[in-house]
Amino acid sequence: MSITIGLRTPVWEPPAVTVPYEPGMSVSQALELAESQDGSAIKDPVYQRLAGITSRLLISLSGLGQNQQTGEYWMLYVNGAYPDDTGVDDTVLKDGDRVELRYERYEG
């Protein structure tokens, strides 16, 4: 039972990290486990909570922060889909899920 977490930026795609699955696990909990693994590219996540939003937003990861001038942000995908109306704290994962954090331009 496991979760796979991958990162992708326009110039960098490190190897994915696999963490043990725990029932009820959120994306932020999976990131904490991934960060503690030796050799993991997932380092130093920084979160921000905005007014009116129940879940924190990931604003920086592995030294790469959001860029409001270019509109580039860390975007969350689970099994290739952007979760509607949930973020890293309230997106509950299932065994076998693949989480991908993509640094890309927000076209909202």
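Scan the range 89-102 for residues that are out of contact with any Leu (no Cβ under 6 Å at 6 or more places or on another chain), under 21 Å from I53 (Cβ atoms) and not charged (D, E, K, R) and the total you get is 4.
Applying the criterion of being β-branched (V, I, T) and either touching a residue at least 60 places away in the same chain (Cβ under 8 Å) or loosely packed, with under 12 Cβ neighbours inside 10 Å (or both) to the residues of the range 39-73, the residue that is farthest from S2 (Cα to Cα) is T70.
A quick yes/no check of all residues on (1) acidic (D, E); (2) assigned to a loop (DSSP other than H, G, I, E, B); (3) out of contact with any helix residue (DSSP H, G or I) (no Cβ under 7 Å at 6 or more places or on another chain):
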| residue | (1), (2), (3) |
| --- | --- |
| P14 | no, yes, yes |
| D38 | yes, yes, yes |
| K43 | no, yes, no |
| L58 | no, no, yes |
| Q69 | no, yes, yes |
| P83 | no, yes, yes |
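Could you list, in sequence order, all residues of the range 22-44 that are under 20 Å from D97 (Cβ atoms), at pLDDT 90 or above and of a type outside the set (G, A, S)? E22, P23, M25, V27, Q29, L31, E32, L33, E35, I42, listed by residue number. Here S36 meets each of (1) surrounded by fewer than 16 Cβ atoms within 10 Å (Cβ to Cβ); (2) among the hydroxyl-bearing types (S, T, Y); (3) touching a residue at least 12 places away in the same chain (Cβ under 8 Å) with one exception, condition (3).
The values are calculated or read from the model by the stated rules, or taken from the named source; none is laboratory data. Here the structure is a predicted model, which is why all the values come from computation and not from measurement. Glycine gets a Cβ as well: all are built from the backbone with ideal geometry, and neighbour counts include every protein chain shown.
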